[in-house]
Amino acid sequence: MVRRPASDDMRARLETLVNIESPSGDVEGVRGVVDFVAEQLADIGKVRMDATKRGPILTVSRGQGGALLLGHSDTVWPKGTLKDMPYKDEGDWVYGPGTLDMKGGLVLAIEALRMLDGDTPFTLLVTPDEEVGSEMSRESIEREARLAPLVLVLEPGMPAGAIKVGRAGVGDFRLTITGIESHAGLDPDKGASAIKELAHQVLWLHGLENKVVSTTVNVGVVEGGTRSNVTAGHAEGRIDVRVATAAEMERIKKTLKAPPRFDSRCQVRYQGGFNRPPMEPNAKSQEWINQAGEIWQSLTGESLVGVRVGGASDGNYTARLTPTLDGLGPVGQGAHARTEGIEWRFMEPRATLIAQLVARAGTQ
Ligand SMILES: [Zn+2]
């Protein structure tokens, strides 16, 4: 079975990790983080580093066919943040950049893996570019997920310890419209206004929304035209689309490939796509959600809630391949905000939850 977590060791490791600043793209910073994680686990697993231009991908593994723990070494905080937002341990709460997302998650992974019996198989993958879309890591993530019976993502938990069982797929599209310029007063009929077409397109885009199944569309940026007395020859917009299911993702992709034209003299083009597919719970992941719930109940006396959220993570890549539980990391507040911090009382039950799930996955 698994032994008890060591709270003081977790505090010490968190302080060390938070004090290594590691914004995405800072190769030295993310290397510092994974070097420390590797050092903490070198006696129990095989360590591998794969270089990428955003820094190394760390894999620590033991045996075969064990659960995959998925974490990232990068943060959204620029270098120098520690100067006016230092690591602060107030006992019940611990604050600092990256405490919640996700240096606290890495601390939990280290502790959970050290709690296991020596023959339980596992793989821990720590990537350097999650906060910027995981372009360098996606292949490794999907390869390791295919080999695992269960994926545990160390992203922050939700209030009261809830985990994330569904995540939105996020689409990023650019609309480009080419019209025909002409003098707005002298030759209005010769012009084809790209801005007028854009206005129609924006309303049409909102018609693609389906709030019942959580599909949302936001046209967040528009620009176009040159002067008020010229019919606009050019206009463009930036669009964010969120979907909860693969079916909705396909519907949006297909629809934007062949958009209507409200003025046939204008050219209309949508470019872009979904950078992360939606994460949907299924029957298999539900079994693991139930198991996690039983364990959590026995540890805390409380039920474990599974929620669907609008943001994406690397769990979006793995959920299609392998049952995935996300948000197993620390519980706190203010991810990506200056109030970022961890509520410490959740750390021990979280480490035990992760350890027991890895132990169960290892005996499958
Ligand atoms: Zn994260």
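Before moving on, here are some points about what is shown:
- Label sites at LEU299 and ARG4, each approximated as a point 7 angstrom past Cα along Cα to Cβ, lie 1.5 nm apart.
- Candidate aspartates and glutamates for bridging to LYS253, where Cα separation is under 16 Å - those fewer than 8 sequence places away on the same chain excluded: ASP172, GLU209, ASP240
- LEU321 versus GLN333: modelled label distance in nm, points set 7 Å from Cα along the beta carbon direction: 3.7
- Along its three principal directions, the equivalent ellipsoid of the chain from the Cα gyration tensor extends over semi-axes of 45, 22, 18 Å, largest first.
- Pairwise FRET efficiency - HIS206 versus MET85, Cβ, R0 = 25 Å, nearest 0.05: 0.05
- Placing R0 at 35 angstrom, the Cβ-Cβ distance between HIS183 and ASN218 gives a FRET efficiency of 0.50 after rounding to 0.05.
- Globularity ratio of the range 39-154, using Cα Rg and 2.2 N^0.38 Å: 1.12
- Extension gain, ALA283 to GLU139, is 49.3 nm, computed as 0.36 nm per intervening residue step minus the present C-alpha separation.
- Inter-probe distance in nm under a simple model that places probes 7 Å from Cα toward Cβ, at ARG251 and ALA12: 5.5
- Taking a point 7 Å from the Cα of ARG265 along the Cα-to-Cβ direction, the residues of the range 171-203 with backbone N closer than 17 Å to it are 177-200.
- Cβ-to-Cβ counts within 10 Å put LEU175, LEU14, LEU299 in ascending order as LEU299, LEU175, LEU14, the fewest first.
- Cross-link table LYS79/LYS164; LYS190/LYS254; LYS103/LYS164; LYS53/LYS103, entries beyond 28 Å C-alpha to C-alpha: LYS79/LYS164; LYS190/LYS254
Rule-based calculations on the coordinates, nothing more; no lab input. No experiment lies behind these values; they were computed from the predicted model shown. Every residue, glycine as well, gets a Cβ built from its backbone with ideal geometry; the counts of neighbours run over all protein chains shown.
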